[in-house]
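These notes concern the structure reproduced below.
Every read-out reported here was derived from the displayed coordinates using simple, explicitly stated rules and does not represent laboratory data. The structure displayed is predicted, hence computed values, not measured ones. A quick note on method: Cβ atoms are made from the backbone with ideal geometry, for glycine too, and the neighbour counts reach across all protein chains shown.
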Number of protein chains: 4
Amino acid sequence: MATKRLKAAVVGATGLAGQQFLAALANHPQFQVVKLAASKRSAGKRYQDAITTDAGQVSWYGDGRLPADLATLTVQDAEAMDASDLDVVFSCVESGPAKIVEPKYAEHCAVISTASAYRYEDDVPLLLPGLNLEHVGLLERQQEKRGWKGFIAPNPNCTTVGLAMTLAPLHRLFGVKRVYMTSLQAVSGAGRSPGVIALDVVDNIIPYIPGEEEKVEKETQKILGDFDGDEIRPARFSVSCTCTRVAVLEGHTEAVFVQLERPVTRDEVVGAWRKFGAEFTARGYRTAPEHLIEVNEDPYRPQVRLDRDAGGGMTTVVGRLRPDGDDGHGWKYMLVSHNTKMGAAKGCILVAEHLLDQGLIG
Amino acid sequence: MATKRLKAAVVGATGLAGQQFLAALANHPQFQVVKLAASKRSAGKRYQDAITTDAGQVSWYGDGRLPADLATLTVQDAEAMDASDLDVVFSCVESGPAKIVEPKYAEHCAVISTASAYRYEDDVPLLLPGLNLEHVGLLERQQEKRGWKGFIAPNPNCTTVGLAMTLAPLHRLFGVKRVYMTSLQAVSGAGRSPGVIALDVVDNIIPYIPGEEEKVEKETQKILGDFDGDEIRPARFSVSCTCTRVAVLEGHTEAVFVQLERPVTRDEVVGAWRKFGAEFTARGYRTAPEHLIEVNEDPYRPQVRLDRDAGGGMTTVVGRLRPDGDDGHGWKYMLVSHNTKMGAAKGCILVAEHLLDQGLIG
Amino acid sequence: MATKRLKAAVVGATGLAGQQFLAALANHPQFQVVKLAASKRSAGKRYQDAITTDAGQVSWYGDGRLPADLATLTVQDAEAMDASDLDVVFSCVESGPAKIVEPKYAEHCAVISTASAYRYEDDVPLLLPGLNLEHVGLLERQQEKRGWKGFIAPNPNCTTVGLAMTLAPLHRLFGVKRVYMTSLQAVSGAGRSPGVIALDVVDNIIPYIPGEEEKVEKETQKILGDFDGDEIRPARFSVSCTCTRVAVLEGHTEAVFVQLERPVTRDEVVGAWRKFGAEFTARGYRTAPEHLIEVNEDPYRPQVRLDRDAGGGMTTVVGRLRPDGDDGHGWKYMLVSHNTKMGAAKGCILVAEHLLDQGLIG
Amino acid sequence: MATKRLKAAVVGATGLAGQQFLAALANHPQFQVVKLAASKRSAGKRYQDAITTDAGQVSWYGDGRLPADLATLTVQDAEAMDASDLDVVFSCVESGPAKIVEPKYAEHCAVISTASAYRYEDDVPLLLPGLNLEHVGLLERQQEKRGWKGFIAPNPNCTTVGLAMTLAPLHRLFGVKRVYMTSLQAVSGAGRSPGVIALDVVDNIIPYIPGEEEKVEKETQKILGDFDGDEIRPARFSVSCTCTRVAVLEGHTEAVFVQLERPVTRDEVVGAWRKFGAEFTARGYRTAPEHLIEVNEDPYRPQVRLDRDAGGGMTTVVGRLRPDGDDGHGWKYMLVSHNTKMGAAKGCILVAEHLLDQGLIG
């Protein structure tokens, strides 16, 4: 079947997240990267040159090798890039520039973004594949309201992803009342410029990531909220977080304590996780994992280095499920979620695959 | 003033904790190490030889250099060591051997121990300097009941120490109702034989430390319990923990969420911590820090590598105090506590200094 | 083509190296693992149970998941295992046990081993795929001399592999006169029992690996020696090493200074590496990489984490080639070689594939 | 004795190296820090404010606490700072700015610098305490030639220090003919802006440090060269280096292979090291260690984390001395040297103490 591939651009293409978009889109049957954009500093250079330092270092950090056809593409200035001939823009610029450029692109085409710039707008959903795809309807509200041909669909913060994913089935089936979460986050989440310096995490823990806790608390409620066809009413349980950075390269680990609305058994919790998302993964999207959630019963799991790549980095692995108190309402568990795959580039691509399937892209 | 020093033994002297006892007792004005004991394998060797491998490696891991007078002492078999001419035994053997040898010593003299073997017995207090020294009275019950001249006084688990220390002033002044804690613990807590292997913590987190969570939950309640002259009634608030191991050499970091019985302000919490233990530290014990708790207002503190040695490793450093909810009952914070100083050898020595001052040793 | 697969056993199957054999042999078209053996402690257990701790931890460290058909195989006692119905034994037990069990197996079948027990015997070659396969002839001498149906073919030490591989084309074409090498070795080389403890390598370097330097010096000369149909005359250049252990999980990095017999240009060195082994890799053995040596011109390469998996962990990556002095005789470079793939399990399997092709197995 | 302290400035005071100067000069009996200077960005701010980020993070990385009297000093613009009322400037700015500002200061007073800007000028010595203090005479040539009241005295590169220190006694007594060195360097050498990012060194090695190898090769020859009263003739032995960066916080480890002019015994080498610098350390300068070189016979030493702080970070620790070949000419060893103490701030201060003693400062 010789379907024509949709035209895609990656904006922020020279950074760590941008490179992961490029790696994940290589040979994608539905999306073809036809434009690359970045800041003015890189504009006008061939992509390979733009990521090569004066000392000759090729700063490629995506999986596998830099795709040869992209190496020779000329990088455009993100602010000046014309999106009128595109079907989708994958954006991973910083929040400041995103605020400016994403609406320009959205006038013409779909924008799937890792930036937080528009996450908290009333007409913007935070789509998590297999979890709240009914929120997709809000994109039409957004188009109407803003008069855009396209839309902006940001993904949640990488730390929110695993938490929302594991809470979703519990919330639907049993009701979530209260959540305490402590994260141990990978250094890749901070990118490379400047990134986390070794002096701060070797034999150390950074106890603070500015803005992160508030993001996770707010986003989790929004993702698990109800969409009434017009707006999203955030879930009403409270979420309280402490976010830390540790000497781990990839993958966030989270220790979760949750209070449920009604008492449940261990088997009910495990069953809820194991069944979650089966109808979604059955659709066979290219970037979707076999299971959204994997439950590992080994008491020493999940371990971030061993589990972050489950399902190609798209599966959240949970373990260490224990009752918290003895009334069946309280449970505690740990999870590992890949921050730069499901939590960034590949997560956005999976959303795009779904929106394409739903006729919202292309 | 030429006071005679009390005669002390260190049992488990060849291990990591034992070496830290030796380092901390070097030149101590009140205690003189006159005997060293360990397992049968080391018995009969000079101490220096006992810690030197066949390959010629001198396995000394205490602060500073191995004290010269101890290097030539002959290591005794812990099971056969005569304690009748001793004033105090510092014991840091594993729980199994501790069960057997500590009562033998306690027939004759005080036993201050890092082992968990007797921590949960009804007639055994868990003394934390400056915090629950009124529990010392239980040692007399123990002596009466067991017919010993001495007693066994274990210190709490190293992960309990910082948590109990920071909860104590809150519990006394405002009442603690509920505690959630996630720990990020140093590898030194597991010692060297076998210890934590690098393959398990480089670019990784170990999500499970067998028995640790239960210990912290139970010990915190006991330490903060009331002693009525006869027994300790555990504090009634619940404590729920998740304990993990990270690639940090020394010092435990803990993220704490606490619910209080009554609403308080930020200043009240900080004030409670800052004043805590002033009357205790004023006594001027040699191993006591200037402050039991230090509050650091820098949002990026406490950091374990920068803060673990505060007060010679005897001060618990807290920071990141934030309200949890808006009714003044919920608070969250982070703490750093030195696991092998306040949490082990030096913590035991400080207890001994107090018991000596109170006339219970010597 | 329905070729019958040869019957293989993995001895030392429960350890780190053994698991890597199992992972690499999964679905191998030529070898079928029909027996697993280990020490007496594991004998009689199902494999899955043998690698599961009392705490429920499944200690599987091979790539991917534990193959289901192996999970249920009963582990045999290595000392008692009958090799008479096998075609090949892959052995990765410690040197002591290897000394005893490998000759028993070799009476019946081929033994490919990671153990050093027989490496230095006169009738035992150290085969490196694509490099000295003419030494295969010595295996026949060994069979005659020892009266075995099979033979013992050990692979070299993992640190020798990358060094010998990169020196081989230089030695053949230009003559090697003198080699200085400093290694920065991964912790996986020490396995898991006890392995390298985190306290020794976090924020630290271990400056000594007992026996390692002597092995590399001796083995490099043997591998690059001449086989005259009867015995191997070691290469006559001297090799001097310093071997260290660093906080890297997998992959050895080596800094090499080499003096050549005759002056050469940079292009000659690079050309020699690039062409090396082309006729060997052209044979298309399943486990062979596309290139034995890859030259990376980026001045910041090779980097062990980025380059160790080149060619499925079977390619040695070199870089930082610089003249050492200005007479064309001296050169310095760095290399990265995967210690547990090309340097252990997969390297042995590639040797087996070649010996099978040559009619020496089966 | 109430000697008046000399007036000192620290230029580059806000950076990592500058802070180490401040920490090391706190309570110094001979030097009083009266001015602090940095780039324009910090100029005009109180020092404490200049090192505090917008997020409230106090970026103090010196040993101990920030001295209170310095916290309130106003930071000056390095380019505009008046040195006419100073006795000595400790400079640790980057090479570019150093080129400009150091001569301005040197018109008026002594400049002791960690920058490489003037290291390779003919009239500039590279002073290493206790090693080549006879090169001090070149400072007078410099003053004459440049018409300065003061002078510029840079310290060598941190990686040169340990190598030159351990070669010096060998060169004097036996003659050095050839040196091969591979370094494993700490991340602190790269400072904090931007410093080495964790993504580059966790589970990895950086095989290249631009310019470092050339510096070490050239500087070692200069330091060990002969001063004939007029100029320094570099030592004529060749030095060849490979410099790498590893996940170590502080302290450089170096593996050295050396060829000597004449055969010597192991005892002669050890004796040469042990005696080296005794007359220098006997002078009792405040920052000098008890021994310039410490020989550790434990085969597992030196280990960088255990040995970097020997002599307050001013002692080079050597070990693993082995013959390289059997003719007594070749030797190999490892060394650990503290890169930010002896190799930077404290090394400069020790030079200043000597120059003060010699009447060249003040």
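Per-structure values
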{"read-out": "Listed residues A:334, A:81, A:342, most fluctuating in chain A (Gaussian network, C-alpha, under 10 Å)", "value": "A:81"}
{"read-out": "Helix B:95-106 vs. chain B, principal-axis angle (Cα, 0 to 90°, nearest 10)", "value": "70"}
{"read-out": "Cβ-Cβ FRET estimate between residue D:274 and residue A:122, R0 fixed at 51 Å, reported to 0.05", "value": "0.10"}
{"read-out": "Orientation-averaged projected area, Cα convex hull of the stretch C:289-341 (nm²)", "value": "4.0"}
{"read-out": "Relative contact order [Cα under 8 Å, 6+ residues apart], the stretch D:303-362, whole percent", "value": "28"}
{"read-out": "Dipole magnitude of the stretch D:155-241, debye to nearest 20 (Cβ charges: Lys/Arg +1, Asp/Glu -1, about Cα centre)", "value": "260"}
{"read-out": "Chain C pair-distance distribution - Cα-Cα, 10 Å bins, rounded %", "value": "5, 25, 34, 24, 9, 2, 0"}
{"read-out": "Three-way shape label, the stretch B:1-127, alpha-carbon gyration tensor, a/c 1.5", "value": "oblate"}
{"read-out": "Cα→Cβ-extended label distance, 7 Å offset, between residue D:193 and residue C:4, nm", "value": "7.4"}
{"read-out": "Within chain D: Cβ-based charge dipole about Cα centre, in debye rounded to nearest 20 (Lys, Arg +1; Asp, Glu -1)", "value": "440"}
{"read-out": "Loop-located chymotrypsin sites (Phe, Trp or Tyr not before Pro) in the stretch B:73-134, at most 14 other Cβ atoms within 10 Å (DSSP)", "value": "B:120"}
{"read-out": "Pseudo-label separations to other copies for residue A:137 - Cα-to-Cβ vector, 7 Å, nm", "value": "6.7, 8.1, 9.3"}
{"read-out": "Derived scalar couplings ³J(HN,Hα) [the stretch C:119-136; Karplus, 6.51 cos²θ - 1.76 cosθ + 1.60; whole Hz; x for Gly, Pro]", "value": "4, 9, 6, 5, 9, 10, x, 10, 7, 10, x, x, 10, 10, 5, 5, 6, 3"}
{"read-out": "Hydrodynamic radius of the stretch B:221-316 per Kirkwood, over alpha carbon pairs, in Å", "value": "16.2"}
{"read-out": "Footprinting exposure proxy for B:240, D:183 (fewest neighbouring C-beta atoms within 10 Å first)", "value": "B:240, D:183"}
{"read-out": "Proportion of all alpha-carbon pairs of the protein assembly as shown beyond 59 Å (%)", "value": "20"}
{"read-out": "Dipole magnitude (debye, nearest 20) for the stretch C:158-337, charges at Cβ of Lys, Arg, Asp, Glu", "value": "120"}
{"read-out": "Ranked list, fewest to most other Cβ atoms within 10 Å of each Cβ, for A:140, C:250", "value": "A:140, C:250"}
{"read-out": "Within chain A, helix-based [θ] at 222 nm, where runs of 4 or more DSSP H residues each add -39,500 (n - 2.57), nearest 500", "value": "-8000 deg cm²/dmol"}
{"read-out": "Proximal aspartates and glutamates relative to residue C:4, as straight alpha-carbon distance under 17 Å, when same-chain residues fewer than 8 apart are discounted", "value": "C:85, C:87, C:353, C:357"}
{"read-out": "GNM result for chain B, Cα springs below 10 Å: residue of B:37, B:168, B:278 fluctuating most strongly", "value": "B:278"}
{"read-out": "Other copies of residue D:80: label-to-label distances in nm, shortest first, labels 7 Å along the beta-carbon direction", "value": "3.8, 8.0, 8.8"}
{"read-out": "Computed over chain B: relative contact order in percent, which uses C-alpha pairs under 8 Å that are six or more apart", "value": "16"}
{"read-out": "Cleavage-rule hits (trypsin sites (Lys or Arg not before Pro)) in the stretch C:206-289: DSSP loop, at most 15 neighbouring Cβ within 10 angstrom", "value": "C:236, C:283, C:286"}
{"read-out": "HN-Hα J in Hz across the stretch A:59-64 - Karplus 6.51, -1.76, 1.60, θ = phi - 60°, x for Gly and Pro", "value": "8, 9, 10, x, 5, x"}
{"read-out": "For the stretch A:121-176: span of alpha carbons on each principal axis (Å, largest first)", "value": "39, 22, 17"}
{"read-out": "Shielding by partners, peptide B:179-186 (average Cβ within 10 angstrom, other chains)", "value": "5"}
{"read-out": "Rg to Rh, two decimals, where the stretch D:158-337 supplies the alpha carbon set and Rh follows Kirkwood", "value": "0.97"}
{"read-out": "Gaussian network model of chain B, Cα within-10 Å springs - most flexible of B:11, B:202, B:239", "value": "B:202"}
{"read-out": "At most 16 other Cβ within 10 Å, DSSP loop - GluC sites (Glu not before Pro), the stretch C:186-243", "value": "C:231"}
{"read-out": "Sequence-separation-based contact order of the stretch D:158-337, relative, with Cα cut under 8 Å and 6+ spacing, percent", "value": "27"}
{"read-out": "Proximal lysine pairs, the stretch C:119-241, alpha carbons under 22 Å, eight or more residues apart or interchain", "value": "4"}
{"read-out": "Three-way shape call for the stretch D:275-317 based on the alpha-carbon gyration tensor, with the a/c threshold at 1.5", "value": "oblate"}
{"read-out": "Teacher prompt: residue C:327 distances to equivalent labels in other copies, 7 Å Cα→Cβ, nm", "value": "1.4, 8.6, 8.7"}
{"read-out": "Degrees separating the helix B:16-25 axis from the principal Cα axis of chain B, which is the longest one", "value": "90"}
{"read-out": "Cα-based equivalent ellipsoid of the stretch A:311-361: semi-axis lengths in Å, sorted from largest, via gyration tensor", "value": "33, 14, 7"}
